[in-house]
Amino acid sequence: MSDIINILPDSVANQIAAGEVVDRPASAVKELLENSMDAGASQIDLVVKDAGRTLIQVIDNGSGMSDSDARLCFERHATSKIHKSDDLFAIHTMGFRGEALASIAAIAQVELRTRLHDSELGTTILIEGSHITSQQPTACSPGTSLAVKNLFFNVPARRNFLKKDSVEMSHIEEVFRRITLVHYDIGFTLQSNGKTLYDLKAGSMLQRIAQLYGNHYKERFYSVEEATDIVRIKGFVGKPEFSRKTRGEQYLFVNGRFIKHPALSAAVEKAYTDMIPERTYPSYFIGLQVDPSRIDINIHPTKTEVKFIDEHALFAILRSAVKKALGQFTLATELSFNTPEEFNIAPAPRGYVPTQPRISYNPNYNPFHATTQPSTKTTVQQIDLPDYRQSNDIETLPIPKTEKAVDPPNETNSVCMQVQGRYIVTPLPSGLAIIDQQRAHERILFDRLCKRHTSDSSQTLLFPVNCSFSPADADMFMELIPDLKNFGFGIESLGQHSFVVTATPTEFSENDLQGFFDQMLTDYKSSSLQKFSNRNQSLCLSIARQMAVKAGTTLGAEEMQQMVADLFACPMADTAPNGKRIITIVKPEELLK
Ligand code: ADP
Ligand code: MG
């Protein structure tokens, strides 16, 4: 019998390890940017082609490497950052496993050009699938340029697993934001397929936010700052009126590194309690400085999760720091002890006109869930705030109809009654129809928008409104303008990622156009929406959802009749564009019971 155990060659071992470190172009980008920062660079340029598939190049003016370090850096466990195991507990730099370059070199063709500041010449190394194919002295500027070409060229499984360029590119941009937001003292550029998307100059954190998201962001935040023994906090928290229906820009950093930490995020959101409508979310960019030895080191460094020894204290400090920033000094908390209950009414959002006090009902009863039973307990709702909690689940596509379509009412002006501020009840030949007003309106608007032509009417705005976006969003918005014009919007580019809106569709009543388009872009980007084969449809859905009357809006008799008539004119009257049921019929037999 011969022996059967082999030691894997380094190239194979590295390729296996690479799977953990580099799973998509964005993770290679992260490693390279971190190396440049660790090398003390003050300017870092990132160049990508085809969302990083064919090229990821990072050029920095950092320390550079000697000839022999340039060879060594591609070896596994080659790192200049750890000398003994104690160092592991006091890591301040970004990477420390000495794995990244070895991994990347195992699965790509890499060209490294590097020069120490006090050397005359630099060196160029070509390495492919872990094998160095050439090394030559080169005249180049001090610092390092590392180009990763044809990522996964020798791992077809990984390559085929990559998503479309737009998706991979959005991952790269997210990595870029996570790094540049907190390293605002370093200049960065991002170039994609020959086009400069970002040119970020070193400056303050707020300037960096504005460079990334557009100048209008400068007015959207309060600064938050706090220094205690456990933590130093510095950052920006969104003004309550700019809270969004989707979790948008929520960034937490610890010691210069982006982290996800549900409990700390909850601490920030807690500070907004009673200041923003339910199911809307604030934006924030908050950096924490914590003694590295108070962070659990067992957490995998490529992951964004961390564990704090002082989590409870951190939670409390963070929440009160944010509260303070929002102008809700501790005084407010004290006041609430002796303020009568009825004065504790949540502030309404801008532009909200209160409706009449209304009848009592059981808010938990939803006739669209077959399983929820109407309970006998009713609650008296004193002020019936509209339901801003628009569902965020746009995941479902129109479903094929399983049941026979509902027959329309016999008379055109049949009796309609509004129940709970969210359902329209009306008699139909087949029974009593309970119609979800918001979903019905979404269906009507969606069908109307999908059919719209440029020739249809639009209303010119008396006062044109300016909107501006982040450079990447502005690009996307630019692409969507022809579709938006089709819907009746009048939009012109002002350059500098700004636009002026001069007209809106006739039935459009939204005042906050910036918020409206921000939400539309968020919806458009969300991968679930990309399931729509046709981008026009996905825009129609986003616009219809935003324009539809929400549950909680009181409707007049005529409005209800009109809505019912419009709904039954739709070919798919019983299903909302997101696939949810609009109409429930209570059959005559059931009524009899
Ligand atoms: P780690 O960053 O964990 O040490 P890497 O594989 O990312 O491991 O890098 C290995 C080593 O190569 C680093 O420790 C550093 O000494 C060197 N290095 C990598 N990138 C650069 C760079 N841009 N400039 C200078 N040195 C670099
Ligand atoms: Mg590294």
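The values are calculated or read from the model by the stated rules, or taken from the named source; none is laboratory data. No experiment lies behind these values; they were computed from the predicted model shown. Cβ sites come from the backbone with ideal geometry, for glycine too, and all protein chains shown count toward neighbours. Just so you know, the surface numbers come from the protein's heavy atoms only, side chains and all, with ligands and any DNA or RNA stripped out. Shrake-Rupley method; radii C 1.70, N 1.55, O 1.52, S 1.80 Å.
Computed from the Cβ-Cβ distance with R0 of 45 Å, the FRET efficiency linking Ser498 to Ser68 stands at 0.30. For Thr196, the solvent-accessible surface with a 1.4 Å probe is about 80 Å², rounded to the nearest 10. Among residues other than Gly235 with Cβ under 12 Å from its Cβ, the summed charge is 0 (Lys and Arg +1, Asp and Glu -1).
Highest-first packing order for the peptide set 208-215, 445-452 is 208-215, 445-452, based on the mean count of other beta carbon atoms within 10 Å.
Ligands, DNA and RNA excluded, the heavy atoms of His77 present near 130 Å² of accessible surface to a 1.4 Å solvent probe. Label zone (Lys218, point 7 Å along Cα-to-C-beta; backbone nitrogen cut-off 18 Å) within the range 167-195: 184-185.
Checking the a/c ratio against 1.5 first, then a/b against b/c, what shape does the Cα gyration tensor give for the range 169-293? In terms of gyration-tensor shape, oblate. Ligands, DNA and RNA aside, Phe221 has an accessible area near 20 Å² when probed at 1.4 Å. For the range 1-75 and the range 107-142, what is the separation of their Cα centres, given in Å? Spelled out, the Cα-based centre of one part sits 13 Å from the other.
Local charge for Pro577 was computed over the other residues whose Cβ lies under 11 Å away, with Lys and Arg +1 and Asp and Glu -1, and equals +2. A Cα-only calculation for the range 10-200 places Rg and Dmax at 15.7, 45 Å.
Taking packing as the residue-averaged number of other Cβ atoms within 10 angstrom, the listed peptides 179-189, 239-249 run from highest to lowest as 179-189, 239-249. Taking other residues whose beta carbon is less than 9 angstrom from the beta carbon of Gln289, and scoring Lys, Arg as +1 and Asp, Glu as -1, yields +1. Normalised by the number of residues in the range 417-586, the mean separation of alpha-carbon contacts (under 8 Å, six or more apart) gives a relative contact order of 36 percent. The simple spin-label model puts a point 7 Å past each Cα toward its Cβ; for Val419 and Ile7 those points are separated by 7.7 nm. Number of Lys pairs in the range 207-330 with C-alpha atoms less than 12 angstrom apart, excluding same-chain neighbours closer than eight positions? For the range 207-330, the number of qualifying lysine pairs is 5. Net length available on complete extension from Leu432 to Lys587 is 55.2 nm, with 0.36 nm assigned per residue and the Cα-Cα distance removed. Approximating the spin labels as points 7 Å out from Cα along Cα→Cβ, the Phe463-to-Asp291 distance works out to 5.4 nm.
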